[in-house]
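Shown next, in structure tokens, is the structure this report addresses.
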């Protein structure tokens, strides 16, 4: 029990520390808030499964339509070479004041929060990041790192999303952005499978051609073996059959007394059809004794 209580205390301390960090970030200047928002965005990108440098890139400089240099926070790359631009710079100072002030003081902070988001939408739309990045998509995604900040603004300004789309800006939060990024990752996975399928088909075609070529060579080899067998049979016949064949001639030499240590192998017998009748020395013709 003591260990459980100690773990709970440590967990509460961590939550408190993170809450204080969030509060300091929200109460800080726009640069501090921007850095904090980019950190949240970076974490979401890492958790999405996309690979940096291959499927998304950060802090890319481009020349805008007016000739000015613009820098994008994140560009998510598509398999078709298209790009989805994400911007995370948004001020939440008014939202922090809205959350922490008294109930009767919230209205002006809420109006300031909605006005801040609308101003950023207008500024982001005027920069046309997506055009500078050579993207065929006609919008850029504006990342709001706190779900409730955007939900509160939309709840009290029903036309906020429509206003953003009219400026070429799509509003997104960690949840919706993660959904988009996971979808992009799935598209990359499908593209990879298609690429593998094409490579498999190409390798299968090459293997098929090799097998077909090998079988053709085997047919030629079989034909050559048959021809060689026929040539062998013809040569054997010339040696062992017919009148005065070579094998019978050498066999007759053995019978006449030629010294030999090996017999003619079986199957090479030249026959005796033309062999002259041999007589021993001193034997008279017709003497059968």
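The values are calculated or read from the model by the stated rules, or taken from the named source; none is laboratory data. These numbers come from a predicted model, not from an experiment. Don't worry about glycine lacking a Cβ; one is built from the backbone with ideal geometry, like all the others, and counts go over all protein chains shown.
Quick notes on this one:
- So residue 64, is it touching a helix residue (DSSP H, G or I) at 6+ places or on another chain (Cβ under 6 Å) and at pLDDT below 80: yes
- The set of residues in segment 252-268 that are on the phi < 0 side of the Ramachandran plot and exposed (fewer than 14 other Cβ atoms within 10 Å of the Cβ) comprises 253, 254, 255, 256, 258, 259, 260, 261, 262, 263, 265, 266.
- Some residue of segment 173-196 being assigned to a loop (DSSP other than H, G, I, E, B), touching a residue at least 40 places away in the same chain (Cβ under 8 Å) and under 25 Å from residue 41 (Cα atoms): no
- Contact map, segment 153-172: residues that are closer than 23 Å to residue 128 by Cβ paired with residues that are surrounded by fewer than 14 Cβ atoms within 10 Å (Cβ to Cβ), Cβ distance under 6 Å, separation 6+ or inter-chain. Pairs shown: 168/138.
- Flag for residue 4 being at pLDDT 80 or above, farther than 30 Å from residue 190 by Cα and not in a strand (DSSP E or B): no
- Residues of segment 76-109 that turn out to be modelled with pLDDT under 80, within 17 Å of residue 145 (Cβ to Cβ) and not in a helix (DSSP H, G or I), as a count: 4
- Taken together, the criteria exclude residue 160 from residues that are at pLDDT 85 or above and more than 28 Å from residue 86 (Cα to Cα).
- Residue under evaluation residue 131, criteria (1) at pLDDT below 85; (2) in a loop (DSSP other than H, G, I, E, B), criterion not met: (2)
- Hits in segment 92-114 - residues which are out of contact with any helix residue (DSSP H, G or I) (no Cβ under 7 Å at 6 or more places or on another chain) and more than 23 Å from residue 38 (Cβ to Cβ): 100, 102, 103, 104, 105, 107, 108, 111
- Residue in segment 136-146 that is modelled with the highest pLDDT, counting only those that are in contact with a helix residue (DSSP H, G or I) (Cβ under 8 Å, 6 or more places away or on another chain) and not in a strand (DSSP E or B): 144
Results for (1) in contact with a helix residue (DSSP H, G or I) (Cβ under 6 Å, 6 or more places away or on another chain); (2) modelled with pLDDT of 90 or more; (3) over 23 Å from residue 92 (Cα atoms); (4) loosely packed, with under 10 Cβ neighbours inside 10 Å, shown as yes or no for each residue.
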| position | (1), (2), (3), (4) |
| --- | --- |
| 148 | no, no, no, no |
| 171 | yes, yes, no, no |
| 190 | no, no, yes, no |
| 194 | no, no, yes, no |
| 200 | no, no, yes, no |
| 230 | no, no, yes, no |
| 247 | yes, no, yes, no |
| 250 | no, no, yes, no |
